[in-house]
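The values are calculated or read from the model by the stated rules, or taken from the named source; none is laboratory data. Because the structure is a prediction, the values reported are computed rather than measured. Cβ coordinates were reconstructed from backbone atoms using ideal geometry, including for glycine residues, and neighbour counts include every protein chain displayed.
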Amino acid sequence: MFQLTGKVQHYPWGGNRFIPELLSISNDENRPFAEYWMGIHPAAPSIIQLSKNAFTGLPDLIKSEPARYLGKELMKTFSDLPFLFKILDVKDMLSIQVHPSKAEAEKGFDAEEAAKIPMNAPNRNYKDRNHKPEIMLALSDFWLLHGFKTANLLMETLSNYEVFNKLIPVFEQSGYKGLYQFVMEMPQEEVNSLLQPLADKVIPLYNAGEIPKSSPDFWAARAFLTYTEVLDRGIFSVYFFNLVNLKPGEAIFQGAGVPHAYLEGQNVELMANSDNVLRGGLTPKHVDVPELLKHTLFEPIQPNILKLNADAKETVFESPVPDFCLSHVLLSANESIQCEANGPEIWFILSGNGITTDKNAIHLKAGASFFIATGEKISVKTDSGIQWVKASVPSNPHYEEKQLS
């Protein structure tokens, strides 16, 4: 069990207090602390403390003895740590996006490599050859867009908003794909004619504080005020997708092709070890509508919200992919737990204090993170209470990515 130090990503959409306070570090410059990465991704590999004055990169530690740290069973499927663990603080809404399947990521990456597009080029879509399914656990009131609404709800939206009435026959005749492709490929002049009346209506109400967050008008108005150079076609997604509000302790899984966007809040996010994002709007970053449409799952989704088991010390959010599994552990005062790593694990301590009681005692305190090798047995006890999340691998993955036509 090694203490781990991750890397902060200072993306502009991040907040400036939550992550610094969680990590007990200063932010005198008031920089945005958007994400805290824990893993081996080459963009931000974690550092491992071997002893008091000895450190190494997590990728180097694993490469030194992969069978020991990953386990022989995991190595039958993966050659390295298969997941990337993050803490997020979403102050401003993120882009409309999808993630490709593994097969499509491999094709896309190889094509961009053959085209000699530099890895740091702003128009680069594929940073690696991996898929990026993900699960998130809300640490606060959290808002996101997640998949297309059911047909009746989407038709209700198109009917209730006069500016969208002209889209009803498109949806009736061409379904989800036809509707979304129609608005995402629409000339900007037509986008303006549809969205400007909506902007004129919702912005004054938003500024007056008269729109609740449970209404897509709230997020559309915020987007109108954030992206002012043009009327961003990503705003259609705010109305076409499910608007989901997760409470602390609730989680949701998002597979390849599911269109989504994080809107506001703090969360724990666990994903396959990838940074492949295809964007369709509401971002200053590279937008590639044809590539987004190529990989979008055009079908209705009923959001499946996962909840903590209030009667258990540990809740395991079983993942349908072989790459990762997310768990939440909560011990009250004077409680203890025995943990055995059936694969490599990363722990992040959210709150409280505890101590391991095996071999050399290790102090577990809020903001600390740890890497645990496969097969290790860890006993933890606490006097005052402790809460942590852990990334691991599932015992029985049953997921097959849908191949899009």
Of the numbered conditions (1) outside any strand (DSSP E or B); (2) touching a residue at least 60 places away in the same chain (Cβ under 8 Å); (3) touching a Phe, Trp or Tyr at 6+ places or on another chain (Cβ under 7 Å); (4) under 22 Å from I372 (Cβ atoms), I19 fails exactly one; give the number of that condition. (4)
For the range 27-100, please list each of the helices (runs of 4 or more DSSP H) lying entirely inside it that holds at least 3 residues being among the basic types (K, R) and either crowded, with 23+ Cβ neighbours inside 10 Å or touching a residue at least 24 places away in the same chain (Cβ under 8 Å) (or both). none
Condition (residue is closer than 22 Å to Y239 by Cβ, at pLDDT 95 or above and not in a strand (DSSP E or B)) applied to the range 264-275: is it met by at least one residue? no
Flagged in the range 178-191 as surrounded by fewer than 16 Cβ atoms within 10 Å (Cβ to Cβ), in contact (Cβ under 8 Å) with a residue 24 or more places away in the chain and in a helix (DSSP H, G or I), in numbering order, are Q188
Contact list please: Cβ distance under 6 Å, first residue in the range 288-303 and over 16 Å from Y126 (Cα atoms), second residue of a type in the set (D, E, K, R), pairs at least six apart or on different chains. F298/K177
Quick check: is even one residue across the range 121-130 within 19 Å of E35 (Cβ to Cβ) and in contact with a strand residue (DSSP E or B) (Cβ under 8 Å, 6 or more places away or on another chain)? yes
Name the residues in the range 383-401 that are modelled with pLDDT of 95 or more and either surrounded by fewer than 20 Cβ atoms within 10 Å (Cβ to Cβ) or among the basic types (K, R) (or both), would you? D383, S384, G385, Q387, K390
What are the residue pairs meeting all of these: first residue in the range 379-405, first residue under 26 Å from L81 (Cβ atoms), second residue among the β-branched types (V, I, T) and modelled with pLDDT under 95, Cβ atoms under 7 Å, and 6 or more apart or on different chains? S379/T357; P397/V321; Y399/V321
